[in-house]
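Chemist: Quick one: the structure is below, and I'll ask about it shortly.
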Amino acid sequence: QVQLVESGGDLVQPGGSLRLSCAASGFTFSAYPMNWYRQAPGKEREFVASMSRSGGPNYADSVKGRFTISRDNAIDTLYLQMNRLKPEDTAVYYCNTFIVVRNFWGQGTQVTVSQ
């Protein structure tokens with residue numbers, strides 16, 4: 001079965017950095033684009049970043065220049081390097097993939113940016 005497990009969320013001070021990981025299993029990871037989404041308190045889930053099979057990235061304007069998405073197909077893992085974090089980055093971060101006609105989501109990992 002398709003499974004996505006996020007990790008790496010933590011409490012971090014503004015301006016700090018954090019790296020999230022998403023361990024994928026149950027499908028051919030290298031064959032599919034992968035995405036990061038986030039959901040802040042009281043807000044809708046929003047797109048953060050995507051990574052094509054070949055490594056081409058795409059970012060939301062709110063994180064462009066601060067976040068970097070990457071993938072390691074050898075170990076079926078997706079990453080999100082987050083730098084210069086802001087309080088408004090506080091959210092549950094989810095990794096995602098779309099296979100055939102279905103979206104698959106991990107359980108999410110909490111990122112809190114605060115003093």
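The values are calculated or read from the model by the stated rules, or taken from the named source; none is laboratory data. Predicted model only: the values in this text are computed from it and were never measured. We place every Cβ from the backbone using ideal geometry, glycine too, and count neighbours over all the protein chains shown. Areas reflect the complete protein model, heavy atoms only, side chains present, ligands, DNA and RNA absent. Shrake-Rupley method; radii C 1.70, N 1.55, O 1.52, S 1.80 Å.
Chemist: Hey, got a sec? Which chymotrypsin sites (Phe, Trp or Tyr not before Pro) in segment 1-104 land in a DSSP loop and have at most 13 other Cβ atoms within 10 Å?
Modeler: Working: sites: PHE27, PHE29, TRP36, TYR37, PHE47, TYR59, PHE67, TYR79, TYR93, TYR94, PHE98, PHE104; in loops: PHE27.
Sites meeting the loop and neighbour criteria: none at all.
Chemist: What percent do you get for the relative contact order of segment 50-115 when only Cα pairs under 8 Å and 6+ apart count?
Modeler: Details: 76 pairs, mean separation 14.7, N = 66.
Relative contact order for segment 50-115 comes out at 22 percent.
Chemist: Quick one: compute the contact order of the chain, relative version, from alpha carbon pairs under 8 angstrom and 6+ residues apart, as a percent. Can you show the working numbers first?
Modeler: Details: 279 pairs, mean separation 42.3, N = 115.
The normalised contact order for the chain reaches 37 percent.
Chemist: For segment 2-43, compute Rh as the Kirkwood radius over C-alpha pairs and then the Stokes-Einstein diffusion coefficient at 20 °C and 1.002 mPa s; write the answer in µm²/s, rounded to an integer.
Modeler: Values: Rh = 12.7 Å.
D, rounded to a whole number, is 169 µm²/s.
Chemist: Pull out the extension gain between ASN83 and ARG19, defined as 0.36 nm times the separation in residues minus the alpha carbon to alpha carbon distance; nm, one decimal. Write out the running numbers ahead of the final one.
Modeler: On the way: separation 64, 0.36 × 64 = 23.04 nm, distance 0.86 nm.
Going from the current span to full extension adds 22.2 nm.
Chemist: A further question on this structure: For the chain, give the percent of accessible area contributed by carbon and sulfur heavy atoms, probe 1.4 Å, rounded to a whole number. Numbers along the way, then the final one.
Modeler: Values: 2870 of 6150 Å².
Ligands and nucleic acids excluded, carbon and sulfur reach 47 percent.
Chemist: What length, rounded to one decimal in nm, is gained on full extension from VAL2 through to VAL101, with 0.36 nm per residue of separation minus their alpha-carbon distance?
Modeler: On the way: separation 99, 0.36 × 99 = 35.64 nm, distance 1.35 nm.
Residue separation times 0.36 nm, minus the Cα-Cα distance, leaves 34.3 nm.
Chemist: If you don't mind, there's one more thing I want to ask. Multiply the residue separation of SER52 and GLN115 by 0.36 nm, subtract the distance between their alpha-carbon atoms, and state the gained length in nm to one decimal.
Modeler: Stretched fully, the SER52-GLN115 segment lengthens by 19.2 nm.
Chemist: Which FRET efficiency value, to the nearest 0.05, is calculated for SER30 and SER62 with the Förster distance at 25 angstrom and r the Cβ-Cβ distance? Can you show the working numbers first?
Modeler: Values: r = 28 Å, r/R0 = 1.13.
The formula returns an efficiency of 0.30 here.
Chemist: Kindly report the accessible area of the chain per residue (heavy atoms of protein chains, probe 1.4 Å, no ligands, DNA or RNA), in Å². Display every interim value, and only then the final one.
Modeler: Numbers: 6150 Å² over 115 residues.
Computed with neighbouring chains in place, this is 53 Å² per residue.
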